[in-house]
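Here you go, one structure.
Since every read-out is calculated from the coordinates, none of them should be taken as a lab result. A quick note: this is a predicted structure, and the numbers were derived from the prediction, not measured. Quick reminder, even Gly has a Cβ in these numbers, built from the backbone with ideal geometry, and neighbours come from all protein chains shown.
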Amino acid sequence: MKKASFFLLALLTIACNTEDPKEQLKHLNGYWEIDQVQFSKDSIRDFSISEHIDYFEIADGSGFRKKVTPQFDGSYKVNPKTSEEVKAVIEDGELTLYYSTPFDSWKEQVLKASDKKLSLKNSRGIIYNYNRYTPLLKDDNEKEE
């Protein structure tokens, strides 16, 4: 009886933690700053600050991801060589991003996508954790004192 109760509790926990892929897709667009890369359970690299951030723009299941560099005036410097085409596909109840460039193609599974957090897992099992990027100056009228 205890085993059955434990199994049901574990199943319920997993089911409740599953995010709706359609909801995940709504949160992808925008600027994301890398926070951590998990190569394995024992190998994690934390990023306290990153010079570049990822910008996603996806509409109707397709779009792009670019590496951009935030500037002190609030603008972004875009490297045109870093643009990747992205197709967002819901398969087997999961959101998968298919990337392509003239040189390569690959995919990542969206593990989490919310207003503030994004986690992507590539085919080698590496997990990339992002935080929503917050600009230094939030609008043109805001100045530090």
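Between residue 71 and residue 91, how high is the FRET efficiency from 1/(1 + (r/R0)^6) when r is the Cβ-Cβ distance and R₀ = 30 Å? Nearest 0.05. It would help to have the intermediate numbers written out before the result.
Numbers: r = 38 Å, r/R0 = 1.26.
After rounding, the FRET efficiency stands at 0.20.
Cβ under 10 Å from residue 99's Cβ, residue 99 left aside: what net charge do those residues give with Lys, Arg +1 and Asp, Glu -1? Mind dumping the intermediate values first?
Numbers: positive: 65, 87, 107; negative: 84, 85, 104, 108.
Net local charge, residue 99 excluded: -1.
Can you tell me what the convex hull of the Cα atoms of segment 20-132 projects to on average, as an area in nm²? Could you put the intermediate results ahead of the total?
Details: hull surface 30.5 nm².
Computing the convex hull of the Cα atoms and averaging its projections yields 7.6 nm².
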